[in-house]
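The values are calculated or read from the model by the stated rules, or taken from the named source; none is laboratory data. Predicted model only: the values in this text are computed from it and were never measured. We place every Cβ from the backbone using ideal geometry, glycine too, and count neighbours over all the protein chains shown.
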Amino acid sequence: MQIIPSIELASEAAIKTFQEGKLRELLVYLKDKSPYYREQFKAKGIDISSIRTLEDLSLLPVTTKDNLQAFNDDFFCVPKTDIIDYATTSGTLGNPVTFGMTDGDLDRLAYNEMISFQCAGIRQGDLVQLMTTMDRRFMAGLAYFLGLRKLGAGVIRVGAGIPQLQWDSILKYQPKYLIGVPSFLLKLIEFAEHHQIDYQNSSIEGVICIGETLRTADLKPNILAQRITDKWDIKLFSTYASTEMSAAFTECEYFQGGHHHPELIITEILDENNQAVPSGQIGELTVTTLGIEALPLLRFKTGDMVRKHPAPCTCGRTTYRIGPVEGRKQHMIKYKGTTLYPPAMHDLLASFDEIKLHLIEISNNDIGTDDILIRVVTSNDSVDFLNVIKDLFRAKLRVTPRIEFNDFEVLQKIVFNPMNRKPTTFIDKRESQNLV
């Protein structure tokens with residue numbers, strides 16, 4: 001049975017009215033509690049009482065990651081004594097950005113994850129294996145644990161990596177769902193096949209997939225998703241979230257994009273001039289958080305390029321959905337007249353069983369344009385296989401990047417740097433170095 005918050009079944013007009021009321025409450029809160037936004041309102045002569053509708057958001061300034069980093073402390077709306085948990089996210093200027101959460105914020109985070117997991121079909125009493133870290137000030141692992149606890153599901157906290165440990169836990173405890181990075185599922189399958197584990201008849205029915213996209217722009221399974229489900233008959237649910245949003249967009253059983261939770265967040269999809277793009281067109285996801293006490297954000301530009309899908313879903317929810325992240329704005333690549341983003345390249349590389357590890361490096365060449373180097377570890381380092389990879393890139397993306405074969409030990413140290421919380425598969429060397 002579907003468990004759906006009533007606001008997600010309301011009419012579009014009712015949801016809009018509800019969110020406009022929440023927006024007005026937020027503006028009063030920011031003016032009263034936030035040193036950063038209070039100064040912004042004053043400096044720009046903004047009368048918050050004149051902001052009444054969602055359309056009026058365009059009259060307010062946007063907030064960028066650089067703003068967050070430069071004025072991090074001024075965004076806090078509560079004293080440090082009220083902060084229960086600290087999380088960090090990498091900043092665009094090189095230093096981490098600190099987020100604090102009050103007891104109320106942790107409750108809100110748990111609620112978000114609870115309804116997100118319910119959207120994907122997890123129910124009270126189900127057992128879920130958590131294959132991501134909860135340490136290093138990483139919000140996601142904590143959020144998943146809190147949400148599952150609030151839902152009444154059991155949690156097996158195995159952590160990231162180590163296929164043998166994952167399978168030992170799956171076979172011993174019989175979880176129904178996994179939460180993890182989808183490309184790691186290929187390693188689980190490979191390990192199971194090598195060690196004669198009957199994974200097709202395991203207890204796993206579905207996976208909540210984090211960190212990587214599962215869908216194409218038109219919401220069809222991408223190559224990575226197809227590779228997994230061709231081998232393993234399980235359901236893959238995409239979920240998209242960030243520390244800044246403290247909210248998630250998670251797919252339901254119909255796999256038509258991540259559902260919006262109107263009680264938690266207001267979204268805009270903006271072009272380069274901060275103007276809204278029509279539904280279905282790509283733009284930068286810009287969010288206004290609702291109900292956060294410690295560090296709420298107004299018109300925060302996430303850097304994620306997505307599309308909005310407004311048609312009602314078959315599941316009964318009337319809220320719009322957010323499609324997969326098609327790229328990061330700062331990672332857009334201009335290559336010989338073609339515009340592309342790293343996820344499209346990651347997906348093509350995932351189609352080759354022979355490729356065990358890969359790293360995409362972007363740099364400026366001697367004439368000032370973007371240059372792409374793809375470093376790979378493969379079980380086939382022949383010229384013929386190299387040409388097969390290049391032919392697929394040429395056919396699918398209309399580009400032919402440089403491809404370099406690397407030793408496993410060399411590339412593994414970069415991709416699985418123990419100082420990073422997730423694998424590094426993209427390095428941008430054009431101006432400043434950005435790792436993803």
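When Val415, Val383, Val376 are checked against the criterion of being over 30 Å from Gly283 (Cβ atoms) and in contact with a His (Cβ under 7 Å, 6 or more places away or on another chain), Val376 stands alone in meeting it. Residues in segment 102-110: is at least one part of a helix (DSSP H, G or I), within 30 Å of Ile3 (Cβ to Cβ) and among the basic types (Lys, Arg)? Yes, segment 102-110 contains a residue that is part of a helix (DSSP H, G or I), within 30 Å of Ile3 (Cβ to Cβ) and among the basic types (Lys, Arg).
Here are some residues: Thr98, Thr63. Which one is within 22 Å of Pro262 (Cα to Cα), surrounded by 18 or more Cβ atoms within 10 Å (Cβ to Cβ) and within 21 Å of the chain's Cα centre (by Cα)?
On inspection, the qualifying residue turns out to be Thr63.
A count restricted to segment 395-409 and to residues that are assigned to a loop (DSSP other than H, G, I, E, B) and either at pLDDT 80 or above or not assigned by TED's automatic domain parsing to the domain that holds Glu354 (or both) stands at 5. If the requirement is being free of Cβ contacts under 8 Å to residues at least 40 places away in the same chain, among the hydrophobic types (A, V, I, L, M, F, W, C) and touching a helix residue (DSSP H, G or I) at 6+ places or on another chain (Cβ under 9 Å), which of these qualifies: Ile228, Ile204, Ile269? After ruling out the rest, the residue left standing is Ile204.
Taking segment 378-415 as the region of interest, how many residues are exposed (fewer than 11 other Cβ atoms within 10 Å of the Cβ), of a type in the set (D, E, K, R) and more than 29 Å from the chain's Cα centre (by Cα)? Summing the residues that are exposed (fewer than 11 other Cβ atoms within 10 Å of the Cβ), of a type in the set (D, E, K, R) and more than 29 Å from the chain's Cα centre (by Cα) in segment 378-415 gives 2. Within segment 184-208, the set of residues being modelled with pLDDT under 95 and touching a Gly at 6+ places or on another chain (Cβ under 9 Å) comprises Phe184, Lys187.
Does Leu349 satisfy the criteria of being among the aliphatic types (A, V, I, L, M), under 24 Å from Gln118 (Cβ atoms) and either assigned by TED's automatic domain parsing to the domain that holds Leu60 or surrounded by 17 or more Cβ atoms within 10 Å (Cβ to Cβ) (or both)?
Values: among the aliphatic types (A, V, I, L, M): yes; under 24 Å from Gln118 (Cβ atoms): no; either assigned by TED's automatic domain parsing to the domain that holds Leu60 or surrounded by 17 or more Cβ atoms within 10 Å (Cβ to Cβ) (or both): yes.
Spelling it out, it is not the case that Leu349 is among the aliphatic types (A, V, I, L, M), under 24 Å from Gln118 (Cβ atoms) and either assigned by TED's automatic domain parsing to the domain that holds Leu60 or surrounded by 17 or more Cβ atoms within 10 Å (Cβ to Cβ) (or both).
If the condition is being of a type in the set (Gly, Ala, Ser) and either outside the structural domain of Leu106 (by TED's automatic domain parsing) or on the phi < 0 side of the Ramachandran plot (or both), then segment 148-179 contributes Ala153, Gly154, Ala160, Ser169. Is it the case that Ser246 is over 30 Å from Arg299 (Cα atoms), modelled with pLDDT under 95 and within 16 Å of the chain's Cα centre (by Cα)? So Ser246 does not fit the description; no. Sort through Leu285, Leu298 and tell me the only one that's assigned to a strand (DSSP E or B), in contact (Cβ under 8 Å) with a residue 12 or more places away in the chain and either β-branched (Val, Ile, Thr) or crowded, with 21+ Cβ neighbours inside 10 Å (or both). Result: Leu285 is the single residue among Leu285, Leu298 that is assigned to a strand (DSSP E or B), in contact (Cβ under 8 Å) with a residue 12 or more places away in the chain and either β-branched (Val, Ile, Thr) or crowded, with 21+ Cβ neighbours inside 10 Å (or both). The criterion of at least 1 residues that are on the phi < 0 side of the Ramachandran plot and either of a type in the set (Val, Ile, Thr) or without any contact (Cβ under 8 Å) to a residue 12 or more places away in the chain (or both) is met, among helices (runs of 4 or more DSSP H) falling completely within segment 1-86, by 12-33, 35-43.
Count of segment 308-346 residues, restricted to those that are of a type in the set (A, V, I, L, M) and on the phi > 0 side of the Ramachandran plot, is 0.
Is one or more of the residues making up segment 216-230 under 30 Å from Ile170 (Cβ atoms), in contact with a Ser or Thr (Cβ under 6 Å, 6 or more places away or on another chain) and not assigned by TED's automatic domain parsing to the domain that holds Thr425?
Yes: segment 216-230 contains one or more residues that are under 30 Å from Ile170 (Cβ atoms), in contact with a Ser or Thr (Cβ under 6 Å, 6 or more places away or on another chain) and not assigned by TED's automatic domain parsing to the domain that holds Thr425.
Would you check if Glu272 is more than 17 Å from Ile122 (Cβ to Cβ), among the charged types (D, E, K, R), modelled with pLDDT under 95 and in the same structural domain as Gly323 (by TED's automatic domain parsing)? The answer is yes for Glu272.
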